[in-house]
Amino acid sequence: SERAVWAAFMLGRLHAIEERRAEAIASFTKARALAVSGAPDPLGLAVASYGEQARLMLSGQSGPCNWSDFNEGRDCGETIPPADFKQAIRLYAEQAARGSTNAQDSLTALAAWSLGHADISAALIDDPVAQRLLVAYALARVGDIAEGSGNGDSYYDPSAPNSGSSGYPDAARSAKVKPNSVLVTLVDALKRRGLEKIEGADRVAALAYRTGRYDLAATLANRQETALSWWVRAKLALRKGDTAAAVQAYARAAQAFPRNDASLDPSNASLLMGEQGVLTLSRGQYVEALAQFHQAASDSARQSRGGYYGDYAYANDMAYVAERVLTTDELKTYVDAHAPASPMPAPEAVAKAVQKQGGGAQSVRWVAVGLSAITVEDNLRQLLARRLVRDGRVEEALPYFPDDRDERFIQSTYDAEGHEVPAGWRMRAKAREYGQALDRGQHAWRASSRAQGWYEAAVIARRQGMEIMGYEQGPDYAVYGGSYPGGAGRGMGMYGNEDKPLPDNPQARAQADLPGPLVTDGERQRYAATEAKPYKRFHYRDIAADYVMKSADALPARSQAFAAVLCQGVNFVYYDQPRAEQLYLRYVKEGAAVPFSADFGQNCVEPDFAAAARFPYVQAWRTTRRWVAQHRALSAALLLAAVAGAGFGVAQWRRRRRAAKTVA
């Protein structure tokens with residue numbers, strides 16, 4: 001019958017309401033058997049029957065216990081017979097294995113409640129499925145005890161220094177966090193039952209490691225050859241200071257990927273690769289460390305389907321090594337070999353998708369990203385491009401900026417009404433303009449042309465500096481669009497504090513930013529060598545101010561252009577009073593009065609370089625006219641003498657010419 005599964009399921013529900021448990025179980029079992037034999041089940045009632053049957057098992061002396069009883073920590077479950085409790089867990093596990101999210105929620109509630117009752121959890125761990133559930137929940141959801149918190153389940157900020165990657169308090173990261181007694185009790189119960197009866201020794205080894213039972217962790221980890229067991233061995237080796245053994249253990253653990261042996265979920269696989277990168281970095285293998293962080297970031301981004309920003313942690317680790325540890329040439333070689341650009345979506349496809357969605361110009365970028373996601377590799381290429389620009393290798397940088405036709409990378413700006421609109425410039429084209437302007441500033445023949453080149457480079461550095469030369473991490477934080485003065489990479493931040501002022505040289509800052517035994521002197525030296533110059537947030541604004549000074553150097557001091565470029569320079573760094581004063585005082589000392597001097601640095605005009613080119617000749621003519629007007633008699637005498645001298649010279653020339661003809 002087309003409704004046979006439905007009928008059996010509803011009979012089971014009726015028997016359950018009437019508290020005829022045996023009859024209800026028989027009906028639910030029949031519903032599943034019918035579905036397995038091919039009877040139609042469009043509503044998925046066969047899978048739902050596992051959960052209905054499991055609920056029948058969760059009944060104590062005071063009656064049936066529901067989800068809220070377990071989720072809210074009530075004592076209803078204390079009188080449920082252990083055999084029934086274990087059977088309920090097995091049924092929910094079967095249901096969850098068939099894709100039921102409700103079953104997953106039920107298992108979560110049962111595990112959390114059971115671990116809060118030591119006698120119940122001790123009675124459950126002789127069942128393989130229940131034991132696996134409790135251990136898995138303990139590893140994933142039970143945090144340690146932080147000072148001021150009542151339990152270990154309270155969620156922590158994942159960025160906090162005493163918080164693990166899951167966001168829960170982690171005793172391994174801070175003396176202010178103590179191991180959770182729930183975890184200690186569970187490990188003790190498993191140990192008392194006998195190591196030979198432990199299901200999933202690698203997971204219990206990880207749990208033992210978390211609670212500080214390192215000998216037990218080693219014993220259990222050595223019983224299996226899984227990625228997780230090798231990971232535990234690697235961490236134990238690091239505790240003993242045996243880095244060689246740790247390297248080998250991490251390598252064995254990583255061999256399980258991309259063929260995962262199921263002992264780790266994908267997010268933990270990324271964490272494993274990240275930890276391996278830290279160890280590799282500590283051994284001075286910088287390019288290899290970048291490769292491992294690159295893999296962790298790429299894997300994490302694919303899992304989250306969030307592109308580059310799927311997981312900031314691994315992407316930021318990768319960016320730190322790429323930007324502050326590798327040399328530019330090492331990074332370029334790596335990118336050329338391992339970081340290809342993602343395919344650009346066809347403009348026709350983007351236009352069609354935008355039209356279909358009815359979006360405006362501001363939606364083009366997001367439509368394009370939807371057609372072809374921005375990858376970790378795309379952003380690594382841009383990091384390299386900006387680094388090459390900072391090094392003055394602008395032509396080499398251009399291929400690593402996105403194609404100007406690629407609408408995924410269009411920058412945004414805002415119109416007068418505050419609406420976001422696409423910017424009219426593109427990164428690669430603007431970087432090319434910047435390089436051309438620098439070339440004119442350095443090599444143009446005419447002084448006014450050099451001044452114009454420096455000024456144009458200054459304007460680009462100020463307005464598009466973040467995009468074409470900003471540091472991915474400190475001090476500019478291009479990773480966040482410059483919106484925050486920290487939060488990525490190593491460093492004390494740009495401002496220091498009253499108790500710990502910012503060191504005053506790169507080497508001292510490297511020592512302060514990179515403490516600890518896992519950092520080599522070589523890493524600190526590279527970190528110091530790649531520091532921003534100047535070491536200031538939005539450092540490219542100061543570079544723009546430097547170019548303004550170079551432009552002023554090539555201009556006549558009394559020209560309009562001289563005053564105008566210095567005015568623009570003050571506007572570039574108005575927030576930095578000492579630097580703004582330096583530019584303004586130069587104008588006061590050398591420049592001429594101009595109409596915009598009253599609010600210098602606020603309402604500036606564009607410099608007139610053509611007038612500046614004519615300025616020396618105009619000034620010479622004006623000076624001559626002024627002198628003649630003041631010395632009329634002397635001027636007339638000098639003019640007469642000049643005319644007479646010219647006449648005498650012409651006469652002499654003619655006389656010599658006639659003499660030459662006579663001789664001939």
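Read the figures in this text as sums done on the coordinates, not as results from a lab. Owing to the predicted nature of the structure, the values given are computational and were not obtained by experimental measurement. A quick note on method: Cβ atoms are made from the backbone with ideal geometry, for glycine too, and the neighbour counts reach across all protein chains shown.
Add -39500 (n - 2.57) for each DSSP H run of 4 or more in the chain, then divide by its residues: what number comes out at 222 nm, to the nearest 500 deg cm²/dmol? The per-residue figure over the chain is -19500 deg cm²/dmol. Loop-located trypsin sites (Lys or Arg not before Pro) in the range 322-424 (DSSP state other than H, G, I, E, B) with a sparse environment of at most 13 neighbouring Cβ atoms within 10 Å: Arg405. Relative to the longest principal axis of the Cα atoms of the chain, the long axis of helix 376-390 lies at roughly 30 degrees. Need the list of lysines near Lys352 for cross-linking: C-alpha distance under 30 angstrom, and skip anything on the same chain fewer than eight residues off. Qualifying lysines at Cα under 30 Å: Lys430. Distant-in-sequence amide contacts of Gly60, defined by a placed amide H-H separation under 5 Å and a gap of 5 or more residues or a different chain, comprise Cys65.
Using C-alpha pairs under 8 Å with a sequence gap of at least 6, the mean separation divided by the residue count of the range 401-542 gives a relative contact order of 16 percent. Between the helical axis of 328-338 and the longest alpha-carbon principal axis of the chain there is an angle of about 50 degrees. Cross-link partners for Lys197 among the lysines, with Cα-Cα distance under 18 Å and sequence neighbours closer than 8 places in the same chain left out: Lys86. Among the trypsin sites (Lys or Arg not before Pro) in the range 24-119, those placed in a DSSP loop whose Cβ has at most 14 other Cβ atoms within 10 Å are Arg74, Arg98.
Centre-to-centre separation between the Cα atoms of the range 398-444 and those of the range 47-103: 61 Å. Of the GluC sites (Glu not before Pro) in the range 399-443, the ones in a loop by DSSP (not H, G, I, E or B) with at most 16 other beta carbons within 10 Å are Glu417.
Placing +1 on the Cβ of every Lys and Arg and -1 on the Cβ of every Asp and Glu, with no other charges, gives the chain a dipole of roughly 4240 debye about its Cα centre. Straight-line cross-link reach from Lys240 at under 25 Å between alpha-carbon atoms covers these lysines, not counting any fewer than eight positions away in the same chain: Lys176, Lys178, Lys191. Relative to the longest principal axis of the Cα atoms of the chain, the long axis of helix 128-141 lies at roughly 30 degrees.
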